[in-house]
Structure formats: C-alpha cells, structure tokens
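Sharing a structure, written as structure tokens. Questions coming.
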C-alpha cells in the first residue's frame, strides 16, 4: 500500500485532479485504482445530488421550470409525479421532502 494509513478518496482526488478537472494518472497501480474509485464515487454522488434535487423540484413545483418539447416518456413521468404530488397537503409534502433529504443525508454520510 502507499502508506500504512488508508487513503481517503478526497485525498487521492486532490493529489491527482487539478482545479480545472485535469486528471494526472499515477504510475503506481494501487494509486490508479484508488483514483478510479474516487472518480467513480464523485460521479455517483453528483448523480445522486441531481436526482435528489429533481425529487425536491417535483414535490415543490406543480409545473416544470421548462416545458417539454415533446410528449415523450420523460414528459409522461414528470406529469405523473407532479400531478400526484400536487394533491398532497402542505404537511404531507413536508414529510416527503424530509424523507428525500434523509435519504440524501444517508448517502452523504456513506461517502465520508
């Protein structure tokens, strides 16, 4: 291993990824594997953040911020969720928001 201490994803990321997002792949195969895992984890968390934000938007807004150009599957899904969630009371919406945020916090704590 690199050291006797475990290497955290944020440490390996900071070591090999510039502020501009440029990646310098290490020569050491163990560090390459750690960097690959860190990059994968960062992308995974970014995806979770997007979807949790989208869930909150569905709860809080009865209409999408931008209208759909086509009435495709994404449109139908959006309409289904917004329609169903718009029937909830203020208190019920808060419970659903709290649930989504609790799940998001669970994933954040797992990342650390």
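Where does helix 73-86 land angle-wise versus the long Cα axis of the chain, in degrees 0 to 90, nearest 10?
70 degrees
Right, another one. Relative to the compact globular guide of 2.2 N^0.38 Å, what is the alpha carbon radius of gyration of the stretch 44-112, as a ratio?
1.22
Give me the percent relative contact order of the stretch 1-62, please, defined on Cα pairs under 8 angstrom at least 6 residues apart.
Once normalised by length, the contact order is 31 percent.
Let me ask you something else. Percent relative contact order of the chain, based on C-alpha pairs within less than 8 angstrom and at least six residues apart? Can you show the working numbers first?
On the way: 59 pairs, mean separation 27.5, N = 112.
Relative contact order for the chain comes out at 25 percent.
Based on the Cβ-Cβ distance of residue 66 and residue 39, what FRET efficiency does E = 1/(1 + (r/R0)^6) give at R0 = 35 Å, to the nearest 0.05? Numbers along the way, then the final one.
Values: r = 30 Å, r/R0 = 0.86.
With R0 = 35 Å, the Cβ-Cβ based efficiency is 0.70.
Length gain on complete extension for the stretch residue 18 to residue 75, per 0.36 nm per residue less the alpha carbon to alpha carbon distance?
On the way: separation 57, 0.36 × 57 = 20.52 nm, distance 3.82 nm.
Taking 0.36 nm per residue and subtracting the Cα distance, the gain is 16.7 nm.
Restricting to DSSP H runs of at least four residues, report the calculated mean residue ellipticity at 222 nm for the chain, -39500 (n - 2.57) per run over all residues, nearest 500 deg cm²/dmol.
On the way: 4 runs with 76 residues, N = 112.
Only helices count here, giving -23000 deg cm²/dmol.
Where does helix 90-111 land angle-wise versus the long Cα axis of the chain, in degrees 0 to 90, nearest 10?
10 degrees
Using only the alpha-carbon atoms, how far is helix 29-60 inclined from the longest principal axis of the chain? Give it as 0 to 90 degrees, nearest 10.
Orientation of helix 29-60: about 10 degrees from the principal axis.
No value in this document is a laboratory result; all are computed from the given coordinates. These figures come from a predicted structure and were not determined experimentally. Backbone-built Cβ (ideal geometry, glycine too); neighbour counts: all protein chains shown.
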